[in-house]
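J.: Mind having a look at this structure? Questions to follow.
The values are calculated or read from the model by the stated rules, or taken from the named source; none is laboratory data. This structure is a prediction, so every number in the text was calculated from the model and none was measured. Here the Cβ positions follow ideal geometry from the backbone for every residue, glycine too, while neighbour counts run over all protein chains shown. For accessibility, only protein heavy atoms count, side chains too; no ligands or nucleic acids. Shrake-Rupley method; radii C 1.70, N 1.55, O 1.52, S 1.80 Å.
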Amino acid sequence: MKLNSKERVMCAVGLGEPDRMPLDMHPNPFVAERLMKEWGLSEYRDLLLRMGSDIVDLRSAVNPTYCGPVPYLKGHPDGLRENFWGWRTRIEQTACGPEEIYAEFMLSRAETIEEFEKHNWPSVDWFDFSDFSERLEPWCDFAVMASGPSIWQHPTFLRSLEQMLMDLLSEPELAEYMMDRFTDFYVAFFDRMFSAAPGKIDLMRIADDVGTQQGLLFSPEVFARFFVPRITRLVEMAHSHGVKVMFHSCGAILPLIDSIAACGVDVLDPLQVTAKGMEPEVIKERFGAKMCLHGGVDTQHLLPHGTPEKIRRRTRELMEIFGKGGGYIAAPSHVLQMDVPTANIEALRNAVFEG
């Protein structure tokens, strides 16, 4: 029986085998602009359909209306941009093309909780969800994914990664304060979002990179103390609305995957198979019966530099390994960046659609 995108993805999330392998591809804004120009498209929906993506990330499609007392995003004379959280970024040219880079960290020098409390923390009341459900309606044939919650990575955008890592060991009360501010906000924000659009959102994606390509950023004991209770709060809130949860972390995170699964996470992303210990066969054997697997198609070497035939062949191999018995969504191991040629994006799509 032929399924639509939503049905296909949710079958895989439930560890089943759908009519064909689901595909999830999301370009960064610069790649989206390039592809729409190359393909003569004017609507983001048409771009996703052309790419064959079965999932829509709401950040690129539908957001609640912002009505806060500070600008959602404002520019500074030196080229910096500051959002409502106080994150400061700039657009820089990198080896992969233009990227938004975090450039200044407003709370990196704070030494006490009292200094943290003086920050202008946003409120969920700064967002209006009154027409959110109606605006979601045109996307409901896709699997709808609400991305955004973060308990670790987003605090680093205010505090800096280096300082947050030091806080975990030397000033744990400061780390916990920062992580709780974001956890509390995102639990309330997404609870309000899911309540405003009951049954229309399928997935919530938590993004918190906890590994490097060679190992973890911190010990499993640190993860158990600081991360597990907060991830579990987010998961329990989402599950109370019937929303499944995807957890994203790049890197060599093998020692943490059992703990991630124990939090109730339904989907593991992005399966960076080139990182140490993240071999596809190992991941599938150990965790394929616990969580749906999402990702795996290398964006560091394969997609930027491989030939279309090599991409097609490797994608088919990953589909055979990760998809055996069900529970796999084919996807790149990162959002698509400007160094990925259009022909290689099409090769990935075609590999999935071949069978």
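J.: How many residues are in a helix (DSSP H, G or I) and acidic (D, E) when one looks only at segment 164-175?
T.: The initial filter retains those residues of segment 164-175 that are in a helix (DSSP H, G or I), namely 164-170, 172-175.
Then keep just the ones that are acidic (D, E); that gives 167, 173.
Adding up the residues that qualify gives 2.
J.: Let me ask something else about it. Within the bounds of segment 196-206, is there any residue that is open to solvent by 20 Å² or more (accessible area, probe 1.4 Å), among the acidic types (D, E) and modelled with pLDDT of 95 or more? First the steps, then the outcome.
T.: Applying the first criterion (open to solvent by 20 Å² or more (accessible area, probe 1.4 Å)) to segment 196-206 yields 196, 198-200, 205.
Now drop any that are not among the acidic types (D, E), which leaves none.
Looking through segment 196-206, none of the residues is open to solvent by 20 Å² or more (accessible area, probe 1.4 Å), among the acidic types (D, E) and modelled with pLDDT of 95 or more.
J.: Tell me yes or no: at least one residue of segment 34-55 is modelled with pLDDT under 95, under 21 Å from the mean Cα position of the chain (by Cα) and of a type outside the set (D, E). Before the answer, list the steps.
T.: Kept after step one, since they are modelled with pLDDT under 95, are these residues of segment 34-55: none.
Looking for residues that are modelled with pLDDT under 95, under 21 Å from the mean Cα position of the chain (by Cα) and of a type outside the set (D, E), one finds none in segment 34-55, hence no.
J.: Please tell me if G242 is part of a strand (DSSP E or B), closer than 24 Å to K6 by Cβ, at pLDDT 95 or above and out of contact with any helix residue (DSSP H, G or I) (no Cβ under 7 Å at 6 or more places or on another chain). Working first, answer last.
T.: On the way: part of a strand (DSSP E or B): no; closer than 24 Å to K6 by Cβ: yes; at pLDDT 95 or above: yes; out of contact with any helix residue (DSSP H, G or I) (no Cβ under 7 Å at 6 or more places or on another chain): yes.
No; evaluated as a whole, the condition is false for this residue.
J.: Looking only at segment 220-239, which residues are open to solvent by 40 Å² or more (accessible area, probe 1.4 Å) and either out of contact with any Ser or Thr (no Cβ under 8 Å at 6 or more places or on another chain) or in a loop (DSSP other than H, G, I, E, B) (or both)?
T.: E221, R225, P229, E236, H239
J.: Looking at segment 1-53, which of its residues are over 28 Å from V245 (Cβ atoms) and touching a residue at least 60 places away in the same chain (Cβ under 8 Å)? If you could, list the steps in order and put the result at the bottom.
T.: Initial filter on segment 1-53 (over 28 Å from V245 (Cβ atoms)): 30, 33-43, 46, 50.
F30, R34, L35, E38, listed by residue number.
J.: For segment 324-355, give me each residue that is farther than 10 Å from G296 by Cβ, in contact (Cβ under 8 Å) with a residue 60 or more places away in the chain and out of contact with any Cys (no Cβ under 8 Å at 6 or more places or on another chain).
T.: Of all residues in segment 324-355, those farther than 10 Å from G296 by Cβ come to 324-327, 334-355.
Then drop every residue that is not in contact (Cβ under 8 Å) with a residue 60 or more places away in the chain, which leaves 325-327, 334-340, 342, 345, 348-349, 352-353, 355.
Scanning segment 324-355 gives G325, V335, L336, V340, T342, I345, L348, R349, V352, F353, G355.
J.: Still on this structure, please answer the following. Within segment 164-183, can you find the residues that are open to solvent by 70 Å² or more (accessible area, probe 1.4 Å) and among the small types (G, A, S)?
T.: S170
J.: Sort out which residues of segment 63-75 are outside any strand (DSSP E or B) and either charged (D, E, K, R) or surrounded by fewer than 19 Cβ atoms within 10 Å (Cβ to Cβ) (or both), and write them in order of number. Break it down into steps so the answer makes sense when it comes.
T.: Of segment 63-75, the ones outside any strand (DSSP E or B) are 63-64, 67-72.
Within segment 63-75, N63, C67, G68, P69, V70, P71, Y72 meet the criteria.
J.: Among the residues of segment 250-269, what is the count of those that are without any contact (Cβ under 8 Å) to a residue 40 or more places away in the chain, surrounded by fewer than 22 Cβ atoms within 10 Å (Cβ to Cβ) and in contact with a strand residue (DSSP E or B) (Cβ under 9 Å, 6 or more places away or on another chain)?
T.: Within segment 250-269, residues that are without any contact (Cβ under 8 Å) to a residue 40 or more places away in the chain, surrounded by fewer than 22 Cβ atoms within 10 Å (Cβ to Cβ) and in contact with a strand residue (DSSP E or B) (Cβ under 9 Å, 6 or more places away or on another chain) number 6.
J.: Within segment 281-299, how many residues turn out to be surrounded by fewer than 17 Cβ atoms within 10 Å (Cβ to Cβ), touching a residue at least 40 places away in the same chain (Cβ under 8 Å) and either within 11 Å of S333 (Cα to Cα) or not small (G, A, S) (or both)?
T.: Initially, segment 281-299 is screened for residues surrounded by fewer than 17 Cβ atoms within 10 Å (Cβ to Cβ), giving 281-282, 285-286, 289.
After this cut, where a residue has to be touching a residue at least 40 places away in the same chain (Cβ under 8 Å) as well, the list is 281, 289.
Right, trim to either within 11 Å of S333 (Cα to Cα) or not small (G, A, S) (or both) and you get 281.
Total meeting the criteria: 1.
J.: Looking only at residues that are among the acidic types (D, E) and more than 30 Å from K290 (Cβ to Cβ) in segment 28-57, which one is least open to solvent (accessible area, probe 1.4 Å)? Before you say what the answer is, go through the steps one by one.
T.: Within segment 28-57, the first condition is being among the acidic types (D, E), and the residues that meet it are 33, 38, 43, 46, 54, 57.
Next cut, more than 30 Å from K290 (Cβ to Cβ) only: 33, 38, 43, 46.
Details: E33: 130, E38: 99, E43: 103, D46: 64 Å².
Among them, the one singled out is D46.
J.: Going by the structure shown, is M25 open to solvent by less than 10 Å² (accessible area, probe 1.4 Å), assigned to a loop (DSSP other than H, G, I, E, B), at negative phi and among the aliphatic types (A, V, I, L, M)? Write out each step before concluding.
T.: Working: open to solvent by less than 10 Å² (accessible area, probe 1.4 Å): yes; assigned to a loop (DSSP other than H, G, I, E, B): yes; at negative phi: yes; among the aliphatic types (A, V, I, L, M): yes.
Yes; evaluated as a whole, the condition is true for this residue.
J.: I've got another one for you. Which of the helices (runs of 4 or more DSSP H) found entirely inside segment 79-163 contain at least 3 residues meeting this: open to solvent by 60 Å² or more (accessible area, probe 1.4 Å) and modelled with pLDDT of 95 or more? Explain how you work it out, then say what you get.
T.: Working: elements: 113-117, 132-136, 153-159.
Of the helices (runs of 4 or more DSSP H) lying wholly inside segment 79-163, those with at least 3 residues that are open to solvent by 60 Å² or more (accessible area, probe 1.4 Å) and modelled with pLDDT of 95 or more span 113-117.
J.: Would you please name the residue that is nearest to H26 (Cα to Cα), looking only at residues in segment 300-340 that are under 15 Å from the mean Cα position of the chain (by Cα) and surrounded by fewer than 22 Cβ atoms within 10 Å (Cβ to Cβ)?
T.: It comes out as V335.
J.: Which numbered condition trips up Q213, out of (1) surrounded by 21 or more Cβ atoms within 10 Å (Cβ to Cβ); (2) within 27 Å of R316 (Cβ to Cβ)?
T.: Here Q213 clears every test but (1).
J.: Also: How about segment 3-37: which of its residues are closer than 26 Å to V340 by Cβ and small (G, A, S)?
T.: Within segment 3-37, S5, A12, A32 meet the criteria.
J.: Oh, and also: Criterion first (among the aromatic types (F, W, Y), assigned to a strand (DSSP E or B) and at pLDDT 95 or above) does F247 satisfy it?
T.: Working: among the aromatic types (F, W, Y): yes; assigned to a strand (DSSP E or B): yes; at pLDDT 95 or above: yes.
For F247, the condition - among the aromatic types (F, W, Y), assigned to a strand (DSSP E or B) and at pLDDT 95 or above - is met.
J.: Are any of the residues in segment 49-56 more than 24 Å from S150 (Cβ to Cβ), of a type outside the set (F, W, Y), touching a Phe, Trp or Tyr at 6+ places or on another chain (Cβ under 8 Å) and assigned to a helix (DSSP H, G or I)?
T.: There is at least one residue in segment 49-56 that is more than 24 Å from S150 (Cβ to Cβ), of a type outside the set (F, W, Y), touching a Phe, Trp or Tyr at 6+ places or on another chain (Cβ under 8 Å) and assigned to a helix (DSSP H, G or I).
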